[in-house]
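Only one structure is covered here, and it is reproduced in the block below.
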Amino acid sequence: MRVGCPKEIKNHEYRVGLTPAAAREYVAHGHQVLIEAGAGAGIDAADADYEAAGATIVATAAEIFSGADMVVKVKEPQPAEWAQLREGQILYTYLHLAPDPKQTEGLIASGVTAVAYETVTDARGGLPLLAPMSEVAGRLSIQAAARALEKAHGGRGVLLGGVPGVSPGKVVIIGGGVVGKEAAKMAIGLGADVTILDRSIPRLRELDDLFAGRVHTRFSTPTAIEEEVFAADAIIGAVLIPGASAPKLVTRAMLSGMKKGAVLVDVAIDQGGCFETSHATTHAEPTFEIDGVVHYCVANMPGAVPITSAHALNNATLPFGLALADCGIEALKADPHLMAGLNVHRGHVTNRAVAQSLGREMVDARDALTG
Ligand SMILES: NC(=O)c1ccc[n+]([C@@H]2O[C@H](COP(=O)([O-])OP(=O)(O)OC[C@H]3O[C@@H](n4cnc5c(N)ncnc54)[C@H](O)[C@@H]3O)[C@@H](O)[C@H]2O)c1
């Protein structure tokens, strides 16, 4: 197969779909790998590193989209990119279609077979291709909150760890999955007072055991969220209902009850955000203020640390990517966990949560592939 990797074009996105190490493995499997010139610049990987791995450097993204049987990326295709996709081609990347009807239309119109990293599953019910970026975003969310809490950045002027004789800042994490756990680790490391809310009691038990008394856990109800959010200096939004739009757990009305200069970090913004007042921001302008509350809603947080993120992402995507390159759509039929990643095929939406969120008809993935 011809496997192609264009340079990412989303604002401040420096990661790359294939590292030289990953390219080398595709080549070892007998595939031809096409890399757009400069695609690895953001992770300090030169074209020569890809050539040493056996890949071919091409000058433009257009050559990747027209020549590759499978396109491997990081972020969802932008309008200029989805216009170049075509039937019979596999797109393997993050998509986050539920809050994005325009992109969904674009993928449907193209006829492409689109496999979304974020809905591939594993045997333990986890999301193995989302997890590494959630680990990065979870850890970064506390760095972002700490920075935004500084007075010069519009925040309350609170140091999360406090100092001897002054209480630490209060961090409230809504959603105790991968993002929530990593955020808690960092917040505890800084010495903050940390509370995690989740709807899953088994998950709250795990977190309680893991943190051995160093975090408070609470079952997530509107009442609990209100009480915690009103007392917080920083709130991390980290909920996920796989494939679906995030529930709006912090409403606009609640902002007036919050401390002035408190910070909301909406990590779930890539699924539409879990705060009613969120809208996606970029690394160039990451925050905005509403009713005295600072919002940080960067949709591609791991893009800020591309070297760490690109390697972590490639570690996770490589085995499934190799299966797709080796076997094409047969790889989907052979592995229900990879099949769970199929979101769009030949004009059909094949993921139930995406279809429901967008009010579209869903065609069973297996039927779409065999039809
Ligand atoms: N902005 C970014 O750059 C970025 C990067 C990585 C991940 N994310 C996003 O972060 C979000 C969280 O990802 P994750 O990997 O931690 O997911 P996860 O599935 O590991 O965890 C989500 C948690 O939310 C909990 N939850 C669901 N409904 C809830 C509710 N009403 N109240 C409280 N908790 C609730 C679930 O029980 C689960 O424990 C996702 O939307 C993901 O796409 C964003």
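Taking 8 Å as the Cα distance limit and 6 or more residues as the minimum spacing, I'd like the relative contact order of region 277-371 as a percentage.
RCO, region 277-371: 14 percent.
When the distances between all Cα atoms of the chain are binned every 10 Å from zero, what whole-number percent does each bin get?
5, 24, 31, 23, 13, 3, 0
Tell me, what HN-Hα J-couplings in whole Hz come from the Karplus equation 6.51 cos²θ - 1.76 cosθ + 1.60 at θ = phi - 60° for each residue of region 112-126, using x for Gly and Pro?
With the stated coefficients, region 112-126 comes to 5, 9, 10, 9, 8, 3, 6, 10, 5, 10, 10, 5, 9, x, x Hz.
Non-local amide H neighbours of residue 235 (under 5 Å, H modeled in plane, Pro and chain starts lacking H): which ones?
Amide H to amide H, under 5 Å and 5 or more residues apart or across chains, residue 235 pairs with 172, 263, 264, 265.
Under 8 Å for C-alpha pairs, at least 6 residues apart: give me the relative contact order for region 131-299, rounded to a whole percent.
Reported as a whole number, the value is 21 percent.
Within region 101-208, which trypsin sites (Lys or Arg not before Pro) sit in a loop by DSSP and count at most 16 neighbouring Cβ atoms inside 10 Å?
Filter output for region 101-208: 124, 199.
Report the local net charge at residue 271: Lys and Arg +1, Asp and Glu -1, summed over other residues whose C-beta lies under 11 Å from its C-beta.
-4
Treating cross-link reach as a plain straight distance, find the lysines whose alpha-carbon is under 17 Å from the alpha-carbon of residue 259, omitting any fewer than eight places away in the same chain.
Partners within reach: 151, 170.
From the helices alone, meaning DSSP H stretches of at least four residues, give me the mean residue ellipticity at 222 nm for the chain, per-run term -39500 (n - 2.57), in deg cm²/dmol to the nearest 500. Walk me through the intermediate numbers first.
Working: 15 runs with 136 residues, N = 371.
Here the helix-only value at 222 nm equals -10500 deg cm²/dmol.
Pull up all non-local amide H partners of residue 217: gap of 5 or more, or a different chain, and H-to-H distance under 5 Å with H placed in the peptide plane.
Here the answer is 196, since their amide H atoms fall under 5 Å of that of residue 217.
Probe of 1.4 angstrom, ligands and nucleic acids ignored: what's the accessible area per residue over the chain, in square angstrom?
Per residue, the chain has 40 Å² of solvent-accessible surface.
Tell me, how many Å apart are the Cα centres for region 116-166 and for region 91-114?
Between the Cα centre of region 116-166 and that of region 91-114, the gap is 27 Å.
Identify the residues of region 323-341 with backbone N under 17 Å of a label point that sits 7 angstrom from the Cα of residue 87 along the Cα-to-Cβ direction, or state none.
Within reach of a label on residue 87, which here means backbone N under 17 Å from a point 7 Å along Cα→Cβ, region 323-341 contributes 329.
Quick one: with all protein chains in place, what share of the accessible area of the chain is carbon or sulfur, to the nearest percent (1.4 Å probe)?
54 percent
Counting only DSSP beta bridges with both residues in the chain, tell me the antiparallel percent, nearest 5.
Details: 9 of 48 bridges.
Percentage antiparallel, nearest 5: 20.
Can you give me the long-range amide H partners of residue 91? Hydrogens built in the peptide plane at 1.01 Å from N, cutoff under 5 Å, separation of 5 or more residues or another chain.
Counting only residues 5 or more places away or on other chains, the set is 71, 113, 114, 115.
Under 17 Å between alpha carbons, and skipping anything fewer than 8 positions from residue 102 in its own chain: which lysines qualify?
The qualifying lysines are 10, 75.
The values are calculated or read from the model by the stated rules, or taken from the named source; none is laboratory data. Computed from a predicted structure; not experimentally measured. Because the Cβ atoms are built from the backbone with ideal geometry, glycine has one as well, and the counts that use them run over all protein chains shown. Heads up: the accessible areas ignore ligands, DNA and RNA and are worked out on the full protein's heavy atoms, side chains in. Shrake-Rupley method; radii C 1.70, N 1.55, O 1.52, S 1.80 Å.
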